[in-house]
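The values are calculated or read from the model by the stated rules, or taken from the named source; none is laboratory data. None of the values given here were measured: they were computed from a predicted structure. All Cβ positions, even for glycine, are placed from backbone atoms using ideal geometry, and neighbour counts span all protein chains on display. We work out accessible area using only protein heavy atoms, side chains counted, and drop any ligands, DNA or RNA first. Shrake-Rupley method; radii C 1.70, N 1.55, O 1.52, S 1.80 Å.
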Amino acid sequence: MNPRIAVPLSSASWLTARRVDLLLGAAVAAAGVSGLVAWAVGSGWGRWVTLAHAFAGLAVLALAPAKLKGSVRTGMRRRRATRLLSVLLGLAVLSTVALGVLHATGLWHGVGYWSALWTHVLLAALLSPLLVWHVVSRPSRVRPADLDRRTLLGGGAAVAAAGAVYGIQQLLVGDNRRFTGSHEIASFEPERMPTTMWLNDRSPRLAADDWELLIAGRRVELADLQDRARPLQADLDCTGGWWSRQSWDAAPLAELMPDISARSIEVASVTGYSRLFPADDAGNLHLAVGYNGEPLRRGHGAPVRLVAPGRRGFWWVKWVGRVDLRDRPWWLQLPFPLE
């Protein structure tokens, strides 16, 4: 066995700057793509995407010492503005990964609405222009010849280091997290469940008596929903990094829309927020009017909210005022709403 392979990444002479850039680029790209997918998906297969995201992020940390060593050698040859941008990019990437680790371990949950996970996502979005600049400004930095056995060994070492750190992290965190990475809070205690909103959405101030709910153009009374409602246990998994299991008092949408002759179902809030669902999902969508035998609180979507088991929180439309059938496919919408 070649003894040089055992040398740590931070001091390995065989892991050249170009190879480090190649590995870091692959790790950062994998972290970004898998992070977006993991943030959106709430079904079981998302477990593997979340795991890939964790490994990619930790691999960035494993490769950081080697990158730092190479940057110190070459940094003085660059213009001052270029050096500053490179330093800013490096700090942003490391800060993003560090926030992900803090969220995953539960060491820091954030301040108020701005959770550690939300800050992690926001910082990742803000550093994207710097990443584009870094790639465009160095078009010939990585060569095809660098895709060799040494690069593969370096990548394997980074992944192995990421796996070791991930295993230790899992031992320290415990078992209150879902496969999405969200931490459990206030299950079956709706009075303690957070009241977060998506981006600039706002809780409307309308009395229940003034509420109008239209389903496929037909007005449905709240009393009718309450009569149809029955207990349904489902996990609300928020993109803010928490999940909570409640016993929702909900009526199946399939019972309220027995004749679905369309490609998709649009569920809209009185605030203008809306989401499109495949028509086949009607059997797994429910309109909730309460939880644990008590009415919904305004911050949780009162008087009517959508319960969509297996989907992340931004699909659970609050303050539902309208449910319509649409002819356009459900995927013809932004992956993440901008309202």
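Tally time: how many residues in the range 297-322 are open to solvent by 10 Å² or more (accessible area, probe 1.4 Å) and either in a loop (DSSP other than H, G, I, E, B) or free of Cβ contacts under 8 Å to residues at least 24 places away in the same chain (or both)? Matching residues across the range 297-322 total 6.
Taking the criterion of being of a type in the set (A, V, I, L, M, F, W, C) and open to solvent by 10 Å² or more (accessible area, probe 1.4 Å), the residues of the range 258-275 that qualify are 260, 262, 270. Among 325, 287, 225, which is the only one that is touching a strand residue (DSSP E or B) at 6+ places or on another chain (Cβ under 6 Å), in a strand (DSSP E or B) and hydrophobic (A, V, I, L, M, F, W, C)? Checking each option against the conditions leaves just 287.
Note on the range 128-144: residues that are part of a helix (DSSP H, G or I) and either open to solvent by 80 Å² or more (accessible area, probe 1.4 Å) or at pLDDT 85 or above (or both) amount to 5. Checking each residue of the range 238-249 against the condition of being open to solvent by 50 Å² or more (accessible area, probe 1.4 Å), at pLDDT 90 or above, within 30 Å of residue 108 (Cβ to Cβ) and among the charged types (D, E, K, R) gives at least one match.
Residues of the range 10-33 that are surrounded by 20 or more Cβ atoms within 10 Å (Cβ to Cβ) and at pLDDT below 55: 12 alone.
With respect to (1) open to solvent by 10 Å² or more (accessible area, probe 1.4 Å); (2) touching a residue at least 60 places away in the same chain (Cβ under 8 Å), the lone exception for residue 253 is condition (1). Considering only residues in the range 228-282 that are polar (S, T, N, Q) and assigned to a loop (DSSP other than H, G, I, E, B), the one that is farthest from residue 99 (Cα to Cα) turns out to be 261. Quick check on the range 221-234. Is at least one of its residues touching a Ser or Thr at 6+ places or on another chain (Cβ under 9 Å), among the hydrophobic types (A, V, I, L, M, F, W, C) and at pLDDT 95 or above? Checked the range 221-234: at least one residue is touching a Ser or Thr at 6+ places or on another chain (Cβ under 9 Å), among the hydrophobic types (A, V, I, L, M, F, W, C) and at pLDDT 95 or above.
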